[in-house]
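Chemist: Supplied in structure tokens, the structure appears directly below.
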Amino acid sequence: MNVKVVYFSKSGNTKKLAECIAQTAGVNAENIGNGAAMEADVLFLGASVYWAGIDGKMKKYIDQLDSKKVKKAVVFSTSALAERAYPDIKKRLEKRGISVAEENFYCRGSFAAMHKGRPNSEDLKEAAAFTKKVLA
């Protein structure tokens, strides 16, 4: 099975999750800004939620995905306040004809004084368990 873990992260919160998910899956995490591969049986796609939703770079990345090359997407995300990444990403992926797992992984991310240290070791344990479940 060809598994990819691709993410976009400004603060490093989503990167932490991506690296944990990738390690659990036995692959490398790739930042979308590094020309991340766009072909996978299972594509773990991670984004952070900002004031206006997901970043424009992630939107552009999704808009370039091909349903013939990506069989299934699994979404993971972080945010300090709102949990909005999954619905937006799911809608965009489905518009591209890409199947999206109903389950997604979300945890708080640290921002300024809020949620210091998140994602923390417990969040990462949960992310690893989520990954194992998805790939089982």
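Chemist: What about Glu30, is it modelled with pLDDT of 90 or more, under 18 Å from Met1 (Cα atoms) and not in a helix (DSSP H, G or I)?
Modeler: yes
Chemist: Any idea which residue in the stretch 83-118 is most open to solvent (accessible area, probe 1.4 Å), counting only those that are part of a strand (DSSP E or B) and modelled with pLDDT under 95?
Modeler: Checking each candidate, the answer is Phe111.
Chemist: In addition: For the stretch 1-14, how many residues are surrounded by fewer than 19 Cβ atoms within 10 Å (Cβ to Cβ) and of a type in the set (D, E, K, R)?
Modeler: Count: 1.
Chemist: Okay, next question. Being at pLDDT 85 or above, crowded, with 16+ Cβ neighbours inside 10 Å and not β-branched (Val, Ile, Thr) is the filter here; which residues of the stretch 33-43 pass it?
Modeler: Ala40, Leu43
Here's the yes/no breakdown for (1) modelled with pLDDT under 85; (2) at positive phi; (3) in a loop (DSSP other than H, G, I, E, B):
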| site | (1), (2), (3) |
| --- | --- |
| Leu45 | no, no, no |
| Met58 | no, no, no |
| Ile62 | no, no, no |
| Leu65 | no, no, yes |
| Lys71 | no, no, no |
| Phe76 | no, no, no |
| Leu81 | yes, no, yes |
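Chemist: Among the residues of the stretch 15-22, are any open to solvent by 10 Å² or more (accessible area, probe 1.4 Å), farther than 16 Å from Arg108 by Cβ, without any contact (Cβ under 8 Å) to a residue 24 or more places away in the chain and part of a loop (DSSP other than H, G, I, E, B)?
Modeler: no
The values are calculated or read from the model by the stated rules, or taken from the named source; none is laboratory data. On a predicted model such as this, the values are computed, not experimentally measured, just so you know. Cβ: placed from backbone, ideal geometry, glycine included. Neighbour counts: every protein chain shown. Accessible surface areas use protein heavy atoms only, side chains included; no ligands, DNA or RNA. Shrake-Rupley method; radii C 1.70, N 1.55, O 1.52, S 1.80 Å.
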